[in-house]
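The block underneath contains the structure these notes are about, expressed in structure tokens.
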């Protein structure tokens with residue numbers, strides 16, 4: 001069979017089969033991951049194809065570029081007190097879980113910290129991408145968005161420090177390089193906006209994606225991961241929204257969602273092919289089920305208690321917000337592979353982390369209204385806010401008060 005036909009069948013399988021199985025409330029990312037695991041079991045190392053690697057890199061980079069663009073500093077400032085309390089509780093939770101991993105799993109402090117991040121960090125890009133289909137009201141969506149973004153910002157900072165902490169010189173050099181990247185990206189966007197975009201109408205999207213990929217590659221070479229640079233690039237573009245409104249416009253966000261929806265399935269398929277056979281063991285099964293039984297109720301309960309006891313929020317909305325924040329799919333997959341490749345953790349622990357994230361990613365599709373889907377568009381679902389804003393008769397969006 002020719003390579004061209006194999007790629008065509010792969011594209012068809014990753015874009016069609018997961019959608020067909022969503023009627024059974026099976027999230028599309030989980031199906032793509034399962035297809036990758038199946039390919040690994042059937043063909044082994046032959047699944048490690050450079051074309052698939054490239055497509056998966058485009059997927060993870062575009063996903064976190066989109067997550068960075070979704071950050072709204074004004075909304076974060078308006079809910080500052082609750083978000084600071086949420087981050088304080090999240091920091092204590094990370095420290096406690098990292099200590100338990102160090103104490104009971106016999107891990108060094110770096111892999112223990114990464115295990116804590118893998119267990120507790122929500123997948124913001126996917127949560128935002130599916131928020132309109134989970135049956136939440138406006139206030140609940142506001143808090144899910146704000147808490148997911150704030151938690152991801154904290155996790156990215158911790159990830160950067162932990163991965164480079166074993167070499168203080170490298171940490172210092174990489175920190176300076178990150179500062180340079182943070183300062184340089186807005187200047188690059190401004191330069192492109194002044195000297196390129198006026199002479200190339202409609203180029204904003206392609207230039208945005210290009211800068212996101214460059215930033216992702218830079219952070220990868222610094223010793224962290226693609227997602228850090230892509231997120232920073234999206235955040236830089238968002239902060240320039242007033243000066244360069246077309247860069248982070250509704251049309252660009254809409255286009256980036258479509259772009260990510262095509263490439264993200266390849267990331268999950270590639271992640272599945274990267275799981276080692278030894279990770280699919282009975283020990284991994286029991287450990288993963290134990291993690292899920294302990295950590296998921298604890299995470300849901302902490303968010304519920306925080307909203308109920310600290311801020312007086314009552315009703316079923318507390319549970320809906322807590323469940324919507326449960327999926328950890330992307331962070332857990334990324335960190336499970338880093339832990340196995342760089343820190344040589346036991347294969348059973350890697351498999352347990354994979355099972356844990358599969359189960360918590362399925363939780364919203366089982367408890368809330370709709371399945372957890374990669375695709376941003378579906379005529380049967382509630383339209384995305386950007387689409388609503390384009391309608392001439394649409395009422396202005398009402399933003400909930402920060403409480």
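Answer yes or no: is there a residue in segment 262-284 that is more than 30 Å from residue 48 (Cα to Cα), within 21 Å of the chain's Cα centre (by Cα) and not in a loop (DSSP other than H, G, I, E, B). Write out each step before concluding.
Kept after step one, since they are more than 30 Å from residue 48 (Cα to Cα), are these residues of segment 262-284: none.
No, every residue in segment 262-284 fails to be more than 30 Å from residue 48 (Cα to Cα), within 21 Å of the chain's Cα centre (by Cα) and not in a loop (DSSP other than H, G, I, E, B).
Would you confirm whether any residue within segment 67-78 is crowded, with 16+ Cβ neighbours inside 10 Å, modelled with pLDDT of 90 or more and within 20 Å of residue 329 (Cβ to Cβ)?
So far as segment 67-78 goes, no, none of its residues is crowded, with 16+ Cβ neighbours inside 10 Å, modelled with pLDDT of 90 or more and within 20 Å of residue 329 (Cβ to Cβ).
Among the candidates 192, 176, 208, which residue alone is closer than 26 Å to residue 334 by Cβ and either in contact with a strand residue (DSSP E or B) (Cβ under 6 Å, 6 or more places away or on another chain) or buried (at least 19 other Cβ atoms within 10 Å of the Cβ) (or both)? Working first, answer last.
Values: 192 fails: closer than 26 Å to residue 334 by Cβ; 176 fails: either in contact with a strand residue (DSSP E or B) (Cβ under 6 Å, 6 or more places away or on another chain) or buried (at least 19 other Cβ atoms within 10 Å of the Cβ) (or both).
Going through 192, 176, 208 in turn, the sole match is 208.
Restricting to segment 236-254, name every residue that is part of a helix (DSSP H, G or I) and surrounded by fewer than 24 Cβ atoms within 10 Å (Cβ to Cβ).
238, 239, 250, 251, 252, 253, 254
Consider segment 22-60. How many of its residues are farther than 20 Å from residue 334 by Cβ and modelled with pLDDT under 90?
Filtering segment 22-60 down to residues farther than 20 Å from residue 334 by Cβ leaves 22-26, 38, 41-46, 51.
If we keep only those that are modelled with pLDDT under 90 too, we end up with 22-26, 43-46.
Total satisfying the criteria: 9.
Taking segment 84-121 as the search range and keeping residues that are more than 23 Å from the chain's Cα centre (by Cα) and not in a helix (DSSP H, G or I), which one is surrounded by the most Cβ atoms within 10 Å (Cβ to Cβ)?
Filtering first and then ranking leaves 107.
Go through 122, 111 for me and flag whichever is touching a residue at least 24 places away in the same chain (Cβ under 8 Å) and closer than 30 Å to residue 252 by Cα.
Working: 111 fails: closer than 30 Å to residue 252 by Cα.
Step by step, each of 122, 111 is checked, and only 122 is touching a residue at least 24 places away in the same chain (Cβ under 8 Å) and closer than 30 Å to residue 252 by Cα.
Could you pull out the residue among 227, 213 that is crowded, with 24+ Cβ neighbours inside 10 Å, part of a helix (DSSP H, G or I) and in contact (Cβ under 8 Å) with a residue 60 or more places away in the chain?
Working: 213 fails: crowded, with 24+ Cβ neighbours inside 10 Å.
227 is the lone residue from the list that is crowded, with 24+ Cβ neighbours inside 10 Å, part of a helix (DSSP H, G or I) and in contact (Cβ under 8 Å) with a residue 60 or more places away in the chain.
I'm trying to understand the selection: among the residues of segment 23-36, which are in contact with a helix residue (DSSP H, G or I) (Cβ under 9 Å, 6 or more places away or on another chain), assigned to a helix (DSSP H, G or I) and either without any contact (Cβ under 8 Å) to a residue 24 or more places away in the chain or surrounded by fewer than 20 Cβ atoms within 10 Å (Cβ to Cβ) (or both)? Walk me through it before giving the result.
Taking segment 23-36 as the starting set, the residues that turn out to be in contact with a helix residue (DSSP H, G or I) (Cβ under 9 Å, 6 or more places away or on another chain) are 25-36.
Checking the rest, the ones that are also assigned to a helix (DSSP H, G or I) come to 28-36.
Those that are in contact with a helix residue (DSSP H, G or I) (Cβ under 9 Å, 6 or more places away or on another chain), assigned to a helix (DSSP H, G or I) and either without any contact (Cβ under 8 Å) to a residue 24 or more places away in the chain or surrounded by fewer than 20 Cβ atoms within 10 Å (Cβ to Cβ) (or both): 31, 34.
Taking the conditions exactly as written (free of Cβ contacts under 8 Å to residues at least 60 places away in the same chain, in a helix (DSSP H, G or I), within 19 Å of the chain's Cα centre (by Cα) and surrounded by fewer than 17 Cβ atoms within 10 Å (Cβ to Cβ)), does residue 183 satisfy them or not? Please lay out each step first, then the result.
On the way: free of Cβ contacts under 8 Å to residues at least 60 places away in the same chain: yes; in a helix (DSSP H, G or I): yes; within 19 Å of the chain's Cα centre (by Cα): no; surrounded by fewer than 17 Cβ atoms within 10 Å (Cβ to Cβ): yes.
For residue 183, the condition - free of Cβ contacts under 8 Å to residues at least 60 places away in the same chain, in a helix (DSSP H, G or I), within 19 Å of the chain's Cα centre (by Cα) and surrounded by fewer than 17 Cβ atoms within 10 Å (Cβ to Cβ) - is not met.
Can you go through 164, 154 and tell me which one is farther than 22 Å from residue 88 by Cα and either surrounded by fewer than 21 Cβ atoms within 10 Å (Cβ to Cβ) or in contact with a helix residue (DSSP H, G or I) (Cβ under 7 Å, 6 or more places away or on another chain) (or both)? Working first, answer last.
Details: 154 fails: farther than 22 Å from residue 88 by Cα.
The match here is 164.
Does segment 304-314 contain at least one residue that is within 20 Å of residue 62 (Cα to Cα), surrounded by fewer than 20 Cβ atoms within 10 Å (Cβ to Cβ) and in contact with a helix residue (DSSP H, G or I) (Cβ under 8 Å, 6 or more places away or on another chain)?
no
The values are calculated or read from the model by the stated rules, or taken from the named source; none is laboratory data. Keep in mind the model is a prediction, meaning the values are calculated, not measured. As a convention, Cβ positions derive from the backbone with ideal geometry for all residues, glycine included, and neighbour counts pool all protein chains shown.
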